[in-house]
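Chemist: Shown below is the structure under consideration.
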Amino acid sequence: MGVRDPEATRARIFDAAVTEFARYGIAGARIDRIAREAKANKQLIYAYYGNKAELFAQVLEKRMLDLAVSVPPDPDDIDGWMDRLMDYHATHPEVLRLLFWEGIEYGGTEELPHEYERQVHYDRKVATFEDGQARGVITDAVPARDLLFMLVALAGWASAVPQMRRVLVGAEDADKARLRASIRAAARRVTEPSG
């Protein structure tokens, strides 16, 4: 009989949950499939993570934290930040899928699990943009919150809807490179300080 490793089991459950939730959303996800994929029993999932909604909240929270650490906002280098953000979403498409599923499940008005913590997280990002505005490196004509929201959307949309990108922009490497350059140019124009 093998030695039990609770942390390895917990990690397998988490990874299986990321895949399951990204594919099926909260309502469509099944704890049975997560358990089977993780080679763990359902009781362990509930013991480690609570109910399905809480497991989803923890999965999304950890993925959002990884994104925040990997690609912090950088008003001093909008081109570089946009590149890093687009690269992140290209290699981690599950993050946008999880956010879309969360939006479908909770809508725009229902309070999210762990919403306060997420608000604090976003407030730190907004403060970075406010600092950039105060220093005059990005425009202050658009509120920092709105500016951050627009740029994040601009960077993520091509990964969120790859079929639309392929049909509208093209599927060749040259098409992808052109779109990336266009997104960077749009981000520069949106953030350019006045005067």
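So that you can scan it fast, the table gives a plain yes or no per residue for (1) within 13 Å of F21 (Cβ to Cβ); (2) part of a helix (DSSP H, G or I); (3) open to solvent by less than 20 Å² (accessible area, probe 1.4 Å):
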position: E37; (1), (2), (3): yes, yes, no
position: A47; (1), (2), (3): no, yes, no
position: F56; (1), (2), (3): yes, yes, yes
position: L65; (1), (2), (3): no, yes, no
position: V69; (1), (2), (3): no, yes, no
position: W81; (1), (2), (3): no, yes, yes
position: L85; (1), (2), (3): no, yes, yes
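Chemist: Within the range 123-146, identify whether any single residue is more than 12 Å from the chain's Cα centre (by Cα), part of a helix (DSSP H, G or I), modelled with pLDDT of 95 or more and of a type in the set (S, T, N, Q), and answer yes or no.
Modeler: Looking through the range 123-146, at least one residue is more than 12 Å from the chain's Cα centre (by Cα), part of a helix (DSSP H, G or I), modelled with pLDDT of 95 or more and of a type in the set (S, T, N, Q).
Chemist: Go through the residues of the range 59-81 one by one and say whether even a single one is β-branched (V, I, T), free of Cβ contacts under 8 Å to residues at least 24 places away in the same chain and on the phi < 0 side of the Ramachandran plot.
Modeler: Yes, because at least one residue in the range 59-81 is β-branched (V, I, T), free of Cβ contacts under 8 Å to residues at least 24 places away in the same chain and on the phi < 0 side of the Ramachandran plot.
Chemist: Further question on the same structure: Regarding D76, is this residue open to solvent by 70 Å² or more (accessible area, probe 1.4 Å), in a loop (DSSP other than H, G, I, E, B) and under 29 Å from R184 (Cα atoms)?
Modeler: Yes.
Chemist: Is there a residue in the range 39-57 that is aliphatic (A, V, I, L, M), in contact with a helix residue (DSSP H, G or I) (Cβ under 6 Å, 6 or more places away or on another chain) and closer than 18 Å to Y122 by Cβ?
Modeler: no
Chemist: Does R180 meet the test of being touching an Asp or Glu at 6+ places or on another chain (Cβ under 7 Å) and either surrounded by 15 or more Cβ atoms within 10 Å (Cβ to Cβ) or modelled with pLDDT of 95 or more (or both)?
Modeler: Working: touching an Asp or Glu at 6+ places or on another chain (Cβ under 7 Å): no; either surrounded by 15 or more Cβ atoms within 10 Å (Cβ to Cβ) or modelled with pLDDT of 95 or more (or both): yes.
Considered against the rule, which asks whether it is touching an Asp or Glu at 6+ places or on another chain (Cβ under 7 Å) and either surrounded by 15 or more Cβ atoms within 10 Å (Cβ to Cβ) or modelled with pLDDT of 95 or more (or both), R180 comes out as no.
Chemist: Looking at (1) open to solvent by 60 Å² or more (accessible area, probe 1.4 Å); (2) of a type in the set (K, R); (3) closer than 30 Å to T191 by Cβ, find the lone condition where R12 falls short.
Modeler: (3)
Here's the yes/no breakdown for (1) open to solvent by less than 80 Å² (accessible area, probe 1.4 Å); (2) within 25 Å of P93 (Cβ to Cβ):
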site	(1), (2)
A144	yes, no
F149	no, yes
A155	yes, yes
R165	yes, yes
K176	no, yes
A185	yes, yes
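Chemist: Can you report the number of residues in the range 1-22 which are under 23 Å from the mean Cα position of the chain (by Cα) and in contact (Cβ under 8 Å) with a residue 12 or more places away in the chain? Walk me through how you get there before you give the answer.
Modeler: Of the residues in the range 1-22, the ones under 23 Å from the mean Cα position of the chain (by Cα) are 10-22.
After this cut, where a residue has to be in contact (Cβ under 8 Å) with a residue 12 or more places away in the chain as well, the list is 10, 12-22.
Qualifying residue count for the region: 12.
Chemist: Note down all Cβ pairs under 6 Å where the first residue falls in the range 98-120 and is under 18 Å from A22 (Cβ atoms) and in contact (Cβ under 8 Å) with a residue 60 or more places away in the chain, the second is surrounded by 15 or more Cβ atoms within 10 Å (Cβ to Cβ) and not hydrophobic (A, V, I, L, M, F, W, C), and they're at least six residues apart or on different chains.
Modeler: From residues that are under 18 Å from A22 (Cβ atoms) and in contact (Cβ under 8 Å) with a residue 60 or more places away in the chain, the pairs are W101/G25.
Chemist: Something else about it: For S159, only one of the following conditions fails: (1) at pLDDT below 95; (2) farther than 24 Å from F56 by Cα. What is its number?
Modeler: S159 satisfies all of (1) at pLDDT below 95; (2) farther than 24 Å from F56 by Cα except (2).
Chemist: Exactly one condition in (1) in a helix (DSSP H, G or I); (2) touching a residue at least 12 places away in the same chain (Cβ under 8 Å) is false for D175; which is it?
Modeler: (2)
Chemist: Looking only at the range 3-35, filter to residues that are part of a loop (DSSP other than H, G, I, E, B) and at pLDDT 95 or above; which one of those is farthest from F100 (Cα to Cα)?
Modeler: Step by step, filter the range 3-35, then rank; the result is R30.
Chemist: Determine which single condition V95 fails, assuming it passes every other condition in (1) under 16 Å from V71 (Cβ atoms); (2) in a loop (DSSP other than H, G, I, E, B); (3) β-branched (V, I, T).
Modeler: (2)
The values are calculated or read from the model by the stated rules, or taken from the named source; none is laboratory data. Fair warning: this is a prediction, and the values are worked out from it, not measured in the lab. Every residue, glycine as well, gets a Cβ built from its backbone with ideal geometry; the counts of neighbours run over all protein chains shown. Protein only, heavy atoms only, side chains kept; ligands, DNA and RNA dropped before computing areas. Shrake-Rupley method; radii C 1.70, N 1.55, O 1.52, S 1.80 Å.
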